[in-house]
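Participant: Below: one structure in structure tokens.
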There are 4 protein chains.
Amino acid sequence: MRPLRLGMVGGGTGAFIGAVHRIAARMDGRFDLVAGTLSSDAGRARTSGLELGLAEDRIYTNFAQMAEAEAARADGIEVVSIVTPNHLHAAAAIPFLKAGIHVICDKPLTATMADAQALADVARTSPARFLLTHTYSGYAMVRQARAMVAAGAVGRIRVVQVEYAQDWLTEDSTSAQAMWRVDPDKAGGGAVGDIGSHAWHLLRFVTGLRITELAADMSSMVPGRRVDDNVQAMLRLEGGARGALWASQVAPGHDNTVRIRVFGDKGGLDWTHDDPGHLWFTPFGSPRQRLVQNGPGAVQAATQVSRVPAGHPEGYLEAFANLYAEAARLIRTGEGDVPGLQDGLDGMAFIAACQRSSAANGAWVTP
Amino acid sequence: MRPLRLGMVGGGTGAFIGAVHRIAARMDGRFDLVAGTLSSDAGRARTSGLELGLAEDRIYTNFAQMAEAEAARADGIEVVSIVTPNHLHAAAAIPFLKAGIHVICDKPLTATMADAQALADVARTSPARFLLTHTYSGYAMVRQARAMVAAGAVGRIRVVQVEYAQDWLTEDSTSAQAMWRVDPDKAGGGAVGDIGSHAWHLLRFVTGLRITELAADMSSMVPGRRVDDNVQAMLRLEGGARGALWASQVAPGHDNTVRIRVFGDKGGLDWTHDDPGHLWFTPFGSPRQRLVQNGPGAVQAATQVSRVPAGHPEGYLEAFANLYAEAARLIRTGEGDVPGLQDGLDGMAFIAACQRSSAANGAWVTP
Amino acid sequence: MRPLRLGMVGGGTGAFIGAVHRIAARMDGRFDLVAGTLSSDAGRARTSGLELGLAEDRIYTNFAQMAEAEAARADGIEVVSIVTPNHLHAAAAIPFLKAGIHVICDKPLTATMADAQALADVARTSPARFLLTHTYSGYAMVRQARAMVAAGAVGRIRVVQVEYAQDWLTEDSTSAQAMWRVDPDKAGGGAVGDIGSHAWHLLRFVTGLRITELAADMSSMVPGRRVDDNVQAMLRLEGGARGALWASQVAPGHDNTVRIRVFGDKGGLDWTHDDPGHLWFTPFGSPRQRLVQNGPGAVQAATQVSRVPAGHPEGYLEAFANLYAEAARLIRTGEGDVPGLQDGLDGMAFIAACQRSSAANGAWVTP
Amino acid sequence: MRPLRLGMVGGGTGAFIGAVHRIAARMDGRFDLVAGTLSSDAGRARTSGLELGLAEDRIYTNFAQMAEAEAARADGIEVVSIVTPNHLHAAAAIPFLKAGIHVICDKPLTATMADAQALADVARTSPARFLLTHTYSGYAMVRQARAMVAAGAVGRIRVVQVEYAQDWLTEDSTSAQAMWRVDPDKAGGGAVGDIGSHAWHLLRFVTGLRITELAADMSSMVPGRRVDDNVQAMLRLEGGARGALWASQVAPGHDNTVRIRVFGDKGGLDWTHDDPGHLWFTPFGSPRQRLVQNGPGAVQAATQVSRVPAGHPEGYLEAFANLYAEAARLIRTGEGDVPGLQDGLDGMAFIAACQRSSAANGAWVTP
């Protein structure tokens, strides 16, 4: 199966997530990057494109033109990755969707609900796929957890604790990564959107449960910061389960800790991004087990997204690459397990619910 | 310095916490157990007393009589440990306090606010000390954390995450330990009082901060259970800090995990009971450090309650013994660092606030 | 059962291991310390004895006199703890054994083979017990490991890796603890005797296997040091198993790491003193299990030496106390699981074999 | 910079290490796989080649023909990866080297010393590079360790403990991976070559020290196995340091544990493949530090081979890709840090020394 022809919007030299998407796309050899609007700045777009080996005539500075031009080519791109700041997701994705080009978009869906709605309207009528890179759902042991929950390993779920903690915004930062993330107009929110949405998705992905109500208390701890950098939330889930979600970017000692614990009436599961190749499973009344990726007890959903034998750690880039590989499989065969539009819309509803609840002094709201 | 003469109320053969108090009292040789109302059942009281080497005439079956009789003896007890179920704490402690005998009481203070008030009224006018065994404040590395916070190691506190999770009540239990703890009349509450109060105290002890408001959502997950077994709470603390508290007895995989994380504008601390001899300290922007009990960086407050060199683990019984050792020091010298009446009253206010908030659908309340 | 009357030789104020023995003796209430030759210095002996509450007439400065005097008293000691530097073990223990007083001696047995032989000659003909505090054999999870090995959980043993690493002698030290340990006349050896003997015993205790041959390479890394501070050894064990032993006191980062791994044809076990309440068990082909003290899967040999429920860490002092408790049980009932003379002699043979092999440039020798 | 044109020998469908090499080559976009002798079986070679998108005329079944044909093409490969069983390394590499095509070869160098010599003779006179994939030297935190050792962070090295433990050969296996590895004619040795050589290289890479003498005891634990599956070795290193090396494939519970500990007179380092993104550093007398990849304290040698921010785990495939990236850099610019011929020859000397020593009952030999 030849690689899919891939384009990219955003991700010029120096950008973090653009480089991640490119590695993810390359890792399994299912995509060839052949075109890009890597920057709106012509010089930076060109330099970045040449560095990546793009042909001069496929280095664009305007994504709408790019969509049009690529759609017109016999060898035009079949898929585009959108890796801009959030406020451009909808604007960038829409022309490609309209042109029938599949979209792989970074999360969260958009910066505003209006954008989300506009994007959804187009995506629903497009023959092209719209996919969303909720990275943590790409980890093999997260998929193992989901499969075990679905198979009843923990029984009926009672409690879910999920957190995403970082420390890089403990102080005011002027790095390129930070600048747009703390600008409410570009990000649409702070920690809640940037990492809280990942935590929410992880919960949704692993447990399969919807949040029926949440109460959130959001704060901005760094003087002068215009977005939230710490989110506390209590959760009520389908079926009577309870939970808590914590997202923070001001937690010194946490580089990038994402953790989910699921407790049911028959057992518990515990996974943390600090050690992503293991999943702790405790059948109530039995010794705790440390499952290892591709080791004893691994289920098909996990081995399918594993490349090397047990004891050979796979990490963040492999998780990301799993989403790309599943995207390729979905595009090629109609089967593939990767988040999409509905995840994006539900994530926006989660973000909005947190903001609404926090604005109402932590009142319970329904996402 | 000769050992103090100690009595005990509760703690007959088979009881968990009574045995713990006895080991704690013995460990450093500062107490001699010489009298007890170990059970209200005469036979069990006698058997238990003889097993512990008590003289026949100092084995009682009524704590009021015991207080009177011991106070009348020249060699009467100087201190009594109260290790009954919660609903008897006040009734048992009061006659000893009235008799001028120091009281070391298990937590929480009482089962009801009325009991707490009655006990406080007596304690405040008694020449005797009233002390409360909030075990986790006895750990050396918890004291290290408190001292470091006080010295500004983490800067201004922004976020505090505290949890206490167990799994032993995942299913309905008829063990002696469980029976009174799930009886609202005897316990006064479920997880919130039994372990939530420990989590609260740990937060208060380490950070020195009061909770200004909390919003709690308490649940009873096991069919037929009459008390809460899972508590979620969001916290607002003095100075604008935020936090979360989670206490659960239905979390399979957690034997007895107590964890506190404190994040400030200059650094973070992380301590867990799963590895109590270490404290993680991250000065923001520097590598994470794993401080070890009695090792490099240990402060006086921690070394003072350490018995063996770094690398020789001390545990739960040593933490408990530290409270007894400090109690002896306080009684002998007027100096000593052990929780007392005010901790007990504040803890009751915390429990009541959780109950009040949860009954009001998670409304913010002030403890 | 009343406590046994205990005496002590060595362990004056400031000594490390004497204080440990006293806590261990006190913890379970089975011994009362009533007499001691705590120091050969009269002033220090007296001060130490008074601090410990000994009667003036039972504070001795000569252990032979003490043995005679105590044996002559109706209320004389029944057991004595020998906690001197190694070169005095035999001299101190012999008069008590001759007087029919049980001896609990710190390890290694003696500083020289001649001493060991002299001690053994007396011990074998004495009605009194001779017991040896190989601390690590007192840990519940070490006993769990031994029981599992004996029950075939790992199958036929193939490989055993054991290590004991510290860092406190990385630099020249003039602390009281260090001074006699680096004096070949007082210690009889360096790391090999002080900690290597513990590692050896742990291997012997858990696996039940004898070393048939060993090849050792011992070094003294600190300039001017007169004893070994680093020991490498390859081991050949009964039944064809192979192994390695490493003991080092110059390993920065290791406070007091004692670790044993046992690998058989059906599974593996892994225990480390850095986390002594857990034992890792891997049945080959199944997920790894983390057994917790007093938790699911705990065997009688382990629960019998556990005091508190799963999740309440016990540590070094409890392990030591387990040896005292078992000693009391052995003395009282004839049953009890605590190392004795043969362990001591075998340990001396191990030490001597390491020294002999190392002197012969690592030739294989039989202990 | 356009990607280098890459060929491959070995690595047909289902092979483990061939797939790893391909992912590593793809990850950073510096190689394009365009030709291969993926199998000597014509059918399998063709199927594998088509799956990988090779042109029909560049799918070979004979590596010598491939070298000739590719050298003759204007667009011929510039680099070839040799991923066959060990006994074919020399035969496969030689024609490419003679044709001036760079070689990236899996380890160990060859199955026999004669092969190694033949290969070296050609490599030394070829204008092409010969590079060797000692994977663990590709990890960022291993490079961090090396740089810290070189900068004096641990002072003068005294002790080095290195191990590589797996469990997959605990029982007799007939998997394709196992079959050639336990065939002495194809592998040239068992655990000593397959994983012991990695452990040796890690030691050499991090410490920079040569082994002056070693004493080895090799065993074959599984009935009927014709190669060693467990290796114990004591090491004497340049400058008087001592060490131990353990390599085992029969250690249940170890998936693929590679660990190195380096102890000097000023501090210690500890790295394990079970958690490859962290490096423990203990400056003697100070708290232990856990360095994280791309976090505070990271040196240039480590950040240069890191792709994502601290807390985003990179693993085995990234380590492998680092070797490919450095190979590309070396080929393009003459600068690049990747093992080569001398590492291969030294590794062969290490393997031979272990075999010689073990055959001589553990006598000291010089590699």
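The values are calculated or read from the model by the stated rules, or taken from the named source; none is laboratory data. Quick caveat, the model's predicted, so the values are computed rather than measured. Glycine also receives a Cβ, built like all others from the backbone with ideal geometry; neighbour counts cover every protein chain displayed.
Participant: Does at least one position in segment C:19-38 carry a residue that is surrounded by fewer than 21 Cβ atoms within 10 Å (Cβ to Cβ) and in a helix (DSSP H, G or I)?
Facilitator: yes
Participant: Then there's this: Which number in (1) closer than 20 Å to C:D106 by Cβ; (2) surrounded by fewer than 24 Cβ atoms within 10 Å (Cβ to Cβ) marks the one condition that C:Y60 misses?
Facilitator: Exception for C:Y60: condition (2).
Participant: Taking the condition under 20 Å from the mean Cα position of the chain (by Cα) and either part of a loop (DSSP other than H, G, I, E, B) or closer than 23 Å to B:A325 by Cα (or both), does B:T84 pass?
Facilitator: Values: under 20 Å from the mean Cα position of the chain (by Cα): yes; either part of a loop (DSSP other than H, G, I, E, B) or closer than 23 Å to B:A325 by Cα (or both): yes.
Answer is yes for this residue.
Participant: What's the total number of residues in segment A:244-280 that are of a type in the set (F, W, Y) and surrounded by fewer than 24 Cβ atoms within 10 Å (Cβ to Cβ)? Show your work before the answer.
Facilitator: Filtering segment A:244-280 for residues of a type in the set (F, W, Y) gives A:246, A:263, A:271, A:280.
Then keep just the ones that are surrounded by fewer than 24 Cβ atoms within 10 Å (Cβ to Cβ); that gives A:280.
Residues meeting the conditions: 1.
Participant: What are the residues in segment D:314-330 that are within 17 Å of the chain's Cα centre (by Cα) and more than 14 Å from chain A (Cβ to nearest Cβ), if any?
Facilitator: Once the filter is applied, which keeps residues that are within 17 Å of the chain's Cα centre (by Cα) and more than 14 Å from chain A (Cβ to nearest Cβ), segment D:314-330 yields D:L323, D:E326, D:A327.
Participant: To continue, here is another question. List the number of the failed condition for D:D346; all other conditions in (1) among the charged types (D, E, K, R); (2) touching a His at 6+ places or on another chain (Cβ under 9 Å); (3) outside any helix (DSSP H, G or I) hold.
Facilitator: The failed condition is (3).
Participant: Next question. Return the pair list, or none, for Cβ contacts closer than 8 Å from residues in segment D:334-355 that are of a type in the set (S, T, N, Q) to residues that are assigned to a loop (DSSP other than H, G, I, E, B), at least 6 apart or on different chains.
Facilitator: D:Q355/D:G189
Participant: Can you tell me which residue in segment D:215-241 is nearest to the other protein chains (Cβ to nearest Cβ), limited to those that are surrounded by fewer than 24 Cβ atoms within 10 Å (Cβ to Cβ) and assigned to a strand (DSSP E or B)?
Facilitator: D:S219
Participant: Please go through segment A:242-270 and pick out each residue that is away from chain D (no Cβ under 14 Å) and basic (K, R).
Facilitator: Scanning segment A:242-270 gives A:R242, A:R261, A:K266.
Participant: Still on this structure: Take segment D:184-198 and flag every residue that is touching a strand residue (DSSP E or B) at 6+ places or on another chain (Cβ under 6 Å) and either hydrophobic (A, V, I, L, M, F, W, C) or within 11 Å of D:L109 (Cα to Cα) (or both).
Facilitator: So the first thing to find is which residues in segment D:184-198 are touching a strand residue (DSSP E or B) at 6+ places or on another chain (Cβ under 6 Å), and the list is D:191-192, D:195-196, D:198.
Listed by number, the residues that qualify are D:A191, D:V192, D:I195.
Participant: Mind telling me which of the residues D:A298, D:A349, D:A302, D:A310 ends up being modelled with pLDDT of 95 or more, within 14 Å of another protein chain (Cβ to nearest Cβ) and more than 26 Å from D:D255 (Cα to Cα)? Step through it out loud before you land on a result.
Facilitator: Working: D:A349 fails: within 14 Å of another protein chain (Cβ to nearest Cβ); D:A302 fails: more than 26 Å from D:D255 (Cα to Cα); D:A310 fails: more than 26 Å from D:D255 (Cα to Cα).
Result of the check over D:A298, D:A349, D:A302, D:A310: D:A298.
Participant: Ok, one more. From D:L88, D:L109, D:L132, grab the single residue that is in contact with a Pro (Cβ under 6 Å, 6 or more places away or on another chain), touching a residue at least 24 places away in the same chain (Cβ under 8 Å) and surrounded by 18 or more Cβ atoms within 10 Å (Cβ to Cβ).
Facilitator: Working: D:L88 fails: in contact with a Pro (Cβ under 6 Å, 6 or more places away or on another chain); D:L109 fails: in contact with a Pro (Cβ under 6 Å, 6 or more places away or on another chain).
Exactly one of D:L88, D:L109, D:L132 is in contact with a Pro (Cβ under 6 Å, 6 or more places away or on another chain), touching a residue at least 24 places away in the same chain (Cβ under 8 Å) and surrounded by 18 or more Cβ atoms within 10 Å (Cβ to Cβ), namely D:L132.
Participant: Taking segment A:154-189 as the search range and keeping residues that are assigned to a loop (DSSP other than H, G, I, E, B), among the hydroxyl-bearing types (S, T, Y) and within 14 Å of another protein chain (Cβ to nearest Cβ), which one is surrounded by the most Cβ atoms within 10 Å (Cβ to Cβ)? Working first, answer last.
Facilitator: Our first condition is that a residue be assigned to a loop (DSSP other than H, G, I, E, B); within segment A:154-189, this holds for A:154-156, A:167-175, A:182-183, A:188-189.
Next cut, among the hydroxyl-bearing types (S, T, Y) only: A:170, A:173-175.
From what is left, the residues that are within 14 Å of another protein chain (Cβ to nearest Cβ) are A:170, A:173, A:175.
Numbers: A:T170: 27, A:S173: 16, A:S175: 10.
Selected residue: A:T170.
Participant: Follow-up question, since we're still on this one. Being away from chain C (no Cβ under 12 Å), touching a Lys or Arg at 6+ places or on another chain (Cβ under 8 Å) and assigned to a loop (DSSP other than H, G, I, E, B) narrows it down to one of B:T61, B:T13, so name that one.
Facilitator: Details: B:T61 fails: touching a Lys or Arg at 6+ places or on another chain (Cβ under 8 Å).
Criteria check complete, one pass: B:T13.
Participant: Let me ask you something else. Mind counting the residues in segment D:39-50 that are of a type in the set (G, A, S) and surrounded by fewer than 22 Cβ atoms within 10 Å (Cβ to Cβ)? Full working, then the answer.
Facilitator: Of the residues in segment D:39-50, the ones of a type in the set (G, A, S) are D:39-40, D:42-43, D:45, D:48-49.
Going one step further and asking which of them are surrounded by fewer than 22 Cβ atoms within 10 Å (Cβ to Cβ), we end up with D:40, D:42-43, D:45.
Here the count works out to 4.
Participant: Considering only residues that are touching a residue at least 12 places away in the same chain (Cβ under 8 Å) and not hydrophobic (A, V, I, L, M, F, W, C), which ones fall in segment B:271-285?
Facilitator: Answer for segment B:271-285, where residues must be touching a residue at least 12 places away in the same chain (Cβ under 8 Å) and not hydrophobic (A, V, I, L, M, F, W, C): B:T272, B:H273, B:D274, B:P276, B:G277, B:H278, B:T282, B:P283.
Participant: Could I ask something else about it? All but one of (1) farther than 30 Å from A:V231 by Cα; (2) of a type outside the set (A, V, I, L, M, F, W, C); (3) buried (at least 24 other Cβ atoms within 10 Å of the Cβ) hold for A:P309; state the number of the condition that does not hold.
Facilitator: A:P309 satisfies every listed condition except (3).
Participant: Looking at C:M348 and the list (1) buried (at least 24 other Cβ atoms within 10 Å of the Cβ); (2) under 28 Å from B:G138 (Cα atoms), which single condition is not satisfied?
Facilitator: Status for C:M348: all satisfied but (2).
Participant: When the residues of segment D:281-293 are narrowed to those that are more than 7 Å from every other protein chain (Cβ to nearest Cβ) and crowded, with 20+ Cβ neighbours inside 10 Å, which ends up nearest to A:L291 (Cα to Cα)?
Facilitator: D:Q293
Participant: Anything in segment C:59-75 that is in contact (Cβ under 8 Å) with a residue 40 or more places away in the chain and in contact with a helix residue (DSSP H, G or I) (Cβ under 7 Å, 6 or more places away or on another chain)? List them, or say none. Reasoning before the result, please.
Facilitator: Taking segment C:59-75 and keeping what is in contact (Cβ under 8 Å) with a residue 40 or more places away in the chain, we get C:63, C:66, C:70, C:75.
Selection gives C:F63 alone.
Participant: Here is a follow-up. Somewhere in segment D:319-331, is a residue in contact (Cβ under 8 Å) with a residue 60 or more places away in the chain, within 25 Å of A:H312 (Cα to Cα) and assigned by TED's automatic domain parsing to the domain that holds D:V227?
Facilitator: No; the residues of segment D:319-331 include none that is in contact (Cβ under 8 Å) with a residue 60 or more places away in the chain, within 25 Å of A:H312 (Cα to Cα) and assigned by TED's automatic domain parsing to the domain that holds D:V227.
Participant: Pick from segment D:331-343 the residues that are crowded, with 18+ Cβ neighbours inside 10 Å and part of a helix (DSSP H, G or I): which of them is nearest to the other protein chains (Cβ to nearest Cβ)?
Facilitator: D:I331
Participant: Restricting attention to segment C:97-106, does a residue exist that is touching a residue at least 40 places away in the same chain (Cβ under 8 Å), surrounded by fewer than 24 Cβ atoms within 10 Å (Cβ to Cβ) and assigned to a helix (DSSP H, G or I)?
Facilitator: Among the residues of segment C:97-106, not one is touching a residue at least 40 places away in the same chain (Cβ under 8 Å), surrounded by fewer than 24 Cβ atoms within 10 Å (Cβ to Cβ) and assigned to a helix (DSSP H, G or I), which makes the answer no.
Participant: Could you list, in sequence order, the residues of segment A:159-175 that are out of contact with any Lys or Arg (no Cβ under 6 Å at 6 or more places or on another chain) and of a type in the set (A, V, I, L, M)? Let's see the steps before the verdict.
Facilitator: If we filter segment A:159-175 for residues that are out of contact with any Lys or Arg (no Cβ under 6 Å at 6 or more places or on another chain), which is where we start, we get A:160, A:162, A:164-175.
If the condition is that a residue be out of contact with any Lys or Arg (no Cβ under 6 Å at 6 or more places or on another chain) and of a type in the set (A, V, I, L, M), then A:V160, A:V162, A:A165, A:L169 are the ones that fit.
Participant: Could you tell me whether any residue of segment D:110-124 is assigned to a loop (DSSP other than H, G, I, E, B) and in contact with a strand residue (DSSP E or B) (Cβ under 8 Å, 6 or more places away or on another chain)?
Facilitator: In the first step, residues of segment D:110-124 are kept if they are assigned to a loop (DSSP other than H, G, I, E, B); the result is D:110-112.
Now narrow it down to the ones that are in contact with a strand residue (DSSP E or B) (Cβ under 8 Å, 6 or more places away or on another chain): none.
No, that holds for no residue.
Participant: So which strands (runs of 3 or more DSSP E) stay within segment A:266-313 end to end and still have 2 or more residues that are of a type in the set (K, R), within 25 Å of A:G155 (Cβ to Cβ) and over 21 Å from the mean Cα position of the chain (by Cα)? Let's see the steps before the verdict.
Facilitator: Values: elements: A:267-272, A:278-283, A:288-292.
Correct list: A:288-292.
Participant: Answer yes or no as to whether A:S175 is in contact with a Phe, Trp or Tyr (Cβ under 9 Å, 6 or more places away or on another chain) and free of Cβ contacts under 8 Å to residues at least 60 places away in the same chain. Explain how you work it out, then say what you get.
Facilitator: Numbers: in contact with a Phe, Trp or Tyr (Cβ under 9 Å, 6 or more places away or on another chain): yes; free of Cβ contacts under 8 Å to residues at least 60 places away in the same chain: yes.
Spelling it out, A:S175 is indeed in contact with a Phe, Trp or Tyr (Cβ under 9 Å, 6 or more places away or on another chain) and free of Cβ contacts under 8 Å to residues at least 60 places away in the same chain.
Participant: State all residues of segment A:141-153 that are closer than 25 Å to B:A247 by Cα and either out of contact with any strand residue (DSSP E or B) (no Cβ under 8 Å at 6 or more places or on another chain) or not in a helix (DSSP H, G or I) (or both); if no residue qualifies, say none.
Facilitator: A:R146, A:G152, A:A153
Participant: Also, quick follow-up: Quickly run through segment B:242-265 and pick out the residues that are outside any strand (DSSP E or B) and among the aliphatic types (A, V, I, L, M).
Facilitator: At the first step, the residues of segment B:242-265 found to be outside any strand (DSSP E or B) are B:249-255, B:265.
Listed by number, the residues that qualify are B:V250, B:A251.
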